[in-house]
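Since every read-out is calculated from the coordinates, none of them should be taken as a lab result. The structure displayed is predicted, hence computed values, not measured ones. Note that we place each Cβ from the backbone using ideal geometry, even for glycine, and neighbour counts take in every protein chain shown.
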Amino acid sequence: MRRLLVTVTALLVLLATASVAFADNPMVRIETSRGPITVELYADQAPATVANFLTYLNSDFYNGTIFHRVIAGFMIQGGGFDREMQRKDTRTPVENEADNGLKNQRGTIAMARTRDPHSATAQFFINHEDNAFLDHKAKNRMGWGYAVFGKVTAGMDVVDAIAATPTGAGGPFPKDVPQPPVIIEKVTRING
């Protein structure tokens, strides 16, 4: 009986510790012209990426940007262009943390980048479906993958609605631009 009590006590301590860690993760709300999306950021698994995202958030960088690339069944991408389709100036790129064990699954948020694995700045995307081909496989140009740094906790219906938006040409892009535009009105931290 005493052994069972010790085991139960240890389990309760473990659960309490896990819920404290969960509570410490930054939570953000992305207010869009289609509705709100709430995202939990995994600072423990992608510390540099989360810090980078929060730096842009704290400077109001994302306010008034758009989701400029939307592909149903793949992802919705935003955070780099204003309503006039002008690219916003960004800070120094962040080191790729795609080797953190997180996967590009439906509802996860990840950093967009160029072919250079360490080129992510402000643009992010939310996976509309599981995209295992974007996951880290090796520390080389072809295998780095795209760094997941959080997950949608509320508002996947909004992500689905954005993904279903008709698209066409816009600004420098020949396709995949939502029409009408989907505005990221404001991004705010909702805890801590």
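Numbers for the structure displayed
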read-out: Of 163, 122, 48, the one that fluctuates the most in a GNM where the chain has Cα springs shorter than 10 Å; value: 48
read-out: Cα-projected label distance for residue 58 with residue 157, points at 7 Å along beta-carbon direction, nm; value: 3.4 nm
read-out: Zone residues, the stretch 152-192, relative to residue 85, backbone N less than 12 Å from point 7 Å out along Cα-to-Cβ; value: 168-179, 181
read-out: Loop GluC sites (Glu not before Pro), the stretch 96-192, which have at most 15 other Cβ atoms in a 10 Å radius of their Cβ (DSSP); value: 129
read-out: Extension gain (nm, one decimal) between residue 114 and residue 142, 0.36 nm per residue minus Cα-Cα; value: 8.9 nm
read-out: Rg over Rh, two decimals, the stretch 58-104 (C-alpha only, Kirkwood Rh); value: 1.03
read-out: Per residue Cα convex hull volume in Å³ - calculated over the chain; value: 132 Å³
read-out: GNM top mover of 111, 85, 142 - the chain, alpha-carbon springs below 10 Å; value: 142
read-out: With eigenvalues of the C-alpha gyration tensor scaled by 5 and rooted, the stretch 40-140, Å; value: 21, 17, 13
read-out: Eligible lysines near residue 103 by straight Cα distance, threshold 26 Å, same-chain separation 8 or greater; value: 137, 139, 151
read-out: Exposure proxy ranking, count of Cβ atoms within 10 Å, fewest first, for 99, 89, 116; value: 89, 116, 99
